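Novice: Have a look at this one.
The values are calculated or read from the model by the stated rules, or taken from the named source; none is laboratory data. Remember, it's a predicted structure, so these values are computed and weren't measured experimentally. Counting neighbours? That spans all protein chains shown, and the Cβs are built from the backbone with ideal geometry, glycine included. SASA here: full protein model, heavy atoms, side chains in, ligands and nucleic acids out. Shrake-Rupley method; radii C 1.70, N 1.55, O 1.52, S 1.80 Å.
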Amino acid sequence: MITINTIRELRDTLGPLRRSGKSVGFVPTMGALHEGHASLARASVKDNDITVASIFVNPTQFRPGEDLDKYPRTLAADQAMLEAVGVDFIFAPEKRDIYPFEVDEILFGIRSLNGMLCGTSRPGHFEGVVQVVSKLFNIVQPDRAYFGMKDFQQVVVIKRMVEELFFPIEVIPCPIVREVDGLAMSSRNVYLNAEERKQALFLSRTLSQLKEEAREGQSLAALQARVEANLAKYPLVKLDYFDVRSAIDLTEVKSLSREQEPVALIAAFLGSTRLIDNLPLLEK
Ligand code: AMP
């Protein structure tokens, strides 16, 4: 495995491989890797001749006051993990490589997919995601790109970007990887103190309960009431949002039906740490 820092070197390396007919899989990350990231890399290694993983903490997807400066950086451990999984190249650029202009002229706008969930809680976040992912797609030019369903809205936004902008790239969503007790793995879990870590189970436990209740035929209103009731049991949890949307296009669901593929999505703060999770309620 080789770590490459510049766009030039990455292009010079991948160009001949691509021209010789090798398929390229791409796993974009912000580092501080865990088993969730490893699962994406494994899927790519399995499907493609060459796998590139990027490690870049993208400043434009953080809002002022968010955790950009304290975001965990663990490059040596990340390299060891990616090498063990069989990744061929790590692309770890500097900010000035990805954002060579002092001020960006070309920015992205996102319409209705932004008006809900994380788009509402983190204004500008998905614009930053689309900006960096489109740059990385143009640099790496992969055949397939792997994204985790933990960031459900992100997958929908990226898929739409790929379709609207005609990127010749297949987006592969990968299942959420969880800790043994159910907490969705996240680079941000390291911020949690012991009590917050316990109460973080509010997210996954509530989602599992909602799935059970949805399968028993409970209404959307009953599910909402369940979330409220559970919140009372987890005093450290501050709910950011709870919503049930169609997994197909994130439109609102008025009632629970299998055809709409309802997915429950939650974001919550434990102290200053914001965690997200989701679960399909009625799988087809
Ligand atoms: P990040 O480094 O947090 O930007 O995440 C990089 C990629 O890993 C994104 O596509 C995430 O959705 C994915 N990812 C993060 N956590 C998990 C997880 N627990 N299970 C599966 N994929 C994940």
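Novice: With (1) within 13 Å of the ligand (Cβ to nearest atom); (2) charged (D, E, K, R); (3) within 24 Å of Gly109 (Cβ to Cβ) as the list, and Glu179 as the residue in question, which single condition is left unmet?
Specialist: (3)
Novice: Can you pull out every residue in segment 34-50 that is within 14 Å of the ligand (Cβ to nearest atom) and in contact with a Ser or Thr (Cβ under 7 Å, 6 or more places away or on another chain)?
Specialist: In the first step, residues of segment 34-50 are kept if they are within 14 Å of the ligand (Cβ to nearest atom); the result is 34-44.
Matches in segment 34-50: His34, His37, Ala41, Ser44.
Novice: Could I ask something else about it? Here are some conditions: (1) under 21 Å from Gln141 (Cα atoms); (2) in contact with a Gly (Cβ under 6 Å, 6 or more places away or on another chain). His37 meets all but one. Which one does it not meet?
Specialist: Result: His37 fails condition (2) only.
Novice: All but one of (1) among the hydrophobic types (A, V, I, L, M, F, W, C); (2) under 28 Å from Glu105 (Cα atoms); (3) open to solvent by 40 Å² or more (accessible area, probe 1.4 Å) hold for Val155; state the number of the condition that does not hold.
Specialist: (3)
Novice: When Arg63 is evaluated against the numbered criteria (1) in a loop (DSSP other than H, G, I, E, B); (2) farther than 20 Å from Ser134 by Cα; (3) within 16 Å of the ligand (Cβ to nearest atom), which criterion, by number, is the only one it fails?
Specialist: (2)
Novice: Are there any pairs, at least 6 apart or on different chains, whose C-beta atoms fall under 6 Å, with the first in segment 182-202 and farther than 21 Å from Gly31 by Cβ and the second open to solvent by less than 20 Å² (accessible area, probe 1.4 Å) and among the hydroxyl-bearing types (Ser, Thr, Tyr), and if so, which?
Specialist: From residues that are farther than 21 Å from Gly31 by Cβ, the pairs are Gly182/Ser204.
Novice: Looking at Asp12, Asp69 in this structure, which one is in a helix (DSSP H, G or I), out of contact with any strand residue (DSSP E or B) (no Cβ under 7 Å at 6 or more places or on another chain) and either within 16 Å of the ligand (Cβ to nearest atom) or open to solvent by 20 Å² or more (accessible area, probe 1.4 Å) (or both)?
Specialist: Asp12
Novice: Can you confirm whether Gly25 is among the small types (Gly, Ala, Ser) and buried (at least 21 other Cβ atoms within 10 Å of the Cβ)? Quick ask: steps written out before the conclusion?
Specialist: Working: among the small types (Gly, Ala, Ser): yes; buried (at least 21 other Cβ atoms within 10 Å of the Cβ): yes.
Taking the combined requirement at face value, the residue satisfies it.
Novice: Quick one: which residue in Met116, Met81 is at pLDDT 95 or above and open to solvent by less than 30 Å² (accessible area, probe 1.4 Å)? Working first, answer last.
Specialist: Values: Met81 fails: open to solvent by less than 30 Å² (accessible area, probe 1.4 Å).
Result: Met116 is the single residue among Met116, Met81 that is at pLDDT 95 or above and open to solvent by less than 30 Å² (accessible area, probe 1.4 Å).
Novice: Go through Ile2, Ile50 for me and flag whichever is of a type in the set (Val, Ile, Thr) and either open to solvent by 60 Å² or more (accessible area, probe 1.4 Å) or free of Cβ contacts under 8 Å to residues at least 12 places away in the same chain (or both). It would help to see each step written out before you state the result.
Specialist: Values: Ile50 fails: either open to solvent by 60 Å² or more (accessible area, probe 1.4 Å) or free of Cβ contacts under 8 Å to residues at least 12 places away in the same chain (or both).
After applying the criteria, what remains is Ile2.
Novice: If you check every pair at least six apart or on different chains, which have Cβ atoms under 7 Å apart with a residue in segment 241-266 that is more than 18 Å from Lys150 (Cα to Cα) first and a residue that is among the aromatic types (Phe, Trp, Tyr) second?
Specialist: From residues that are more than 18 Å from Lys150 (Cα to Cα), there are no pairs.
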